[in-house]
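Notes follow the structure.
The values are calculated or read from the model by the stated rules, or taken from the named source; none is laboratory data. All values derive from a computational prediction rather than experimental measurement. Cβ sites come from the backbone with ideal geometry, for glycine too, and all protein chains shown count toward neighbours.
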Amino acid sequence: MEWYILKSVAILATLLLFYKLLLEKENMHTFKRFYLLFAIIASIGIPLITITTYVEPVSESFDPVLFQLSEETSASESNSFEDNLLFILWTIYALGVIFFSIKFIRNLRELLLKIKTNPKIKKENSTRILLQEKVDPHTFFNYIFLNRREYKEKKIPKEVIIHEEAHAKQKHSLDILIVEFLQIVFWINPLIIFLKDYIKLNHEFLADREVLKKGIQTAGYQTTLLSFSSGHLHSDLVNPINYSSIKKRFTVMKTQTSKKTIWAKSLLLLPLLGILIYSCSTKEELEKPNSDPTAQNQPLEKATPEMIREYNRLASSYNSTGDKSQEINDYDRMSDIYKVMSPEQKKTAESFPEIEIIEVVEDPKATPEMIAEYNKIIGDLNETGIIKQKDLNQINKILRLMTVEQKKSAVPSKFEILPPPPPAPPTYKKLLADGATFYYQGKIIEPQKAQELVEDQKKVNMQITYDNKKRPFVELTDKEN
């Protein structure tokens, strides 16, 4: 929001400076009228323009890692400060909107009240409001406000009436209302005040030109302006004869601007607008869409040398031992690296092994329902001293699942609970029927060799593990003497 305000102020300042230096004193008042209205619209609209630039897509050559900051306390304090500051700024802005709205409504109400309560004389292009108080002639839309006594005594010169009718005919009050509305919303831009003064002064230039077109002598008209510009305060919504602008108006009345000058200064505006649009608009970069459908399935980036070394280490570990089991984490890592490798890298790297994944599952713990059942059985045992065999089997089953913390919080037993006897080790025939793979000293051996070693149990230790498909892996090692 702050960048929008700064850009808006900078644009309006640039356009007003261009007007002040090159346009204000030139006799091209109709062009200047629309230029000044355009200036405020440009200052509001140009910062909202978005210039999109398309760039070549760039893929990251590293694995994405999510970093989470632990400084939650300081972050929350910072957010709280920003929220409070934002609330204060919005409150100040709202108060400014209310202030300028009240000021606008009050001025408009005063004008409408004058129109309603004072005598009116309707003419062809305007309505003249005759006021009791001493006022300078001024105009609001088609209403021309004049002093009643001076009007009836015909003390108001013809050129003054022509001047005010020019304001009414050219709808100068519409320009002022537009700027007043914009000032309510964008009051934070202080340059709108200068813009409004420039617009009102240019209205005077336009009205003066209409008077001189009627054949009124310049010298006599200037004398009349001096006599009818008292410097009284008027509403911001009207076009009065202003004494402070008389000197500039006299200078412009004598100025003649050639068409060549008008065209030259108008064309200078084009590069200025181009610079403002480029420098004060919002820039946005978007990646170009990939137009090649086959390229979308190809890796965007080669694997890094570090990734190749890691892949070769994991793959060669399997390929050298012939181990068909692999932890999921290692398999996923090898698979991810292999996917981003280029065809050339795949040719020179270790071949991707065929892996049987052994899923590492954490030991389950007893559920709350199991704990409740265990406590009930132990409670009955403590009271009666008797336990059924099925209950004994059940509490032994639950005990194997219970964690250390669960055992500490469970109901203690007054009697010693003997664990169930371990299951008999599976026989060689059972292992062979289940498709067991036998290892001796880390190497795969034939089933016949394994049978000889198994039958001579005094010489070897046997350790049995299972993969996720319940297939046994039998590791045979020599017993220590």
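Listing for the model above:
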| quantity | calculated |
| --- | --- |
| Qualifying residue in the stretch 58-72 (condition: surrounded by 11 or more Cβ atoms within 10 Å (Cβ to Cβ), more than 30 Å from K134 (Cβ to Cβ), among the aromatic types (F, W, Y) and modelled with pLDDT under 95) | no |
| Single residue of the stretch 136-180 satisfying the filter (under 22 Å from F38 (Cα atoms) and of a type in the set (D, E, K, R)) that is surrounded by the fewest Cβ atoms within 10 Å (Cβ to Cβ) | K171 |
| Residue under evaluation F104, criteria (1) of a type in the set (A, V, I, L, M, F, W, C); (2) in contact (Cβ under 8 Å) with a residue 60 or more places away in the chain; (3) touching a strand residue (DSSP E or B) at 6+ places or on another chain (Cβ under 7 Å), criterion not met | (3) |
| Matching residues in the stretch 32-57 - criterion: being exposed (fewer than 11 other Cβ atoms within 10 Å of the Cβ) and modelled with pLDDT of 80 or more | F34, T50, T52, T53 |
| Qualifying positions in the stretch 320-352 - surrounded by 15 or more Cβ atoms within 10 Å (Cβ to Cβ), part of a loop (DSSP other than H, G, I, E, B) and modelled with pLDDT of 75 or more | M341, A349, E350, F352 |
| Failed condition for H29, given (1) touching a residue at least 40 places away in the same chain (Cβ under 8 Å); (2) surrounded by fewer than 17 Cβ atoms within 10 Å (Cβ to Cβ) | (2) |
| So T251, is it more than 51 Å from the chain's Cα centre (by Cα), at pLDDT 85 or above, over 24 Å from K7 (Cα atoms) and buried (at least 16 other Cβ atoms within 10 Å of the Cβ) | no |
| Any hit, the stretch 410-433, residues being within 24 Å of A366 (Cα to Cα), at pLDDT 75 or above, surrounded by 14 or more Cβ atoms within 10 Å (Cβ to Cβ) and not aliphatic (A, V, I, L, M) | yes |
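Conditions tested, residue by residue: (1) loosely packed, with under 13 Cβ neighbours inside 10 Å; (2) at pLDDT below 90.
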residue: T257; (1), (2): no, yes
residue: A264; (1), (2): yes, no
residue: L276; (1), (2): no, no
residue: L286; (1), (2): yes, yes
residue: S291; (1), (2): yes, yes
residue: L300; (1), (2): no, yes
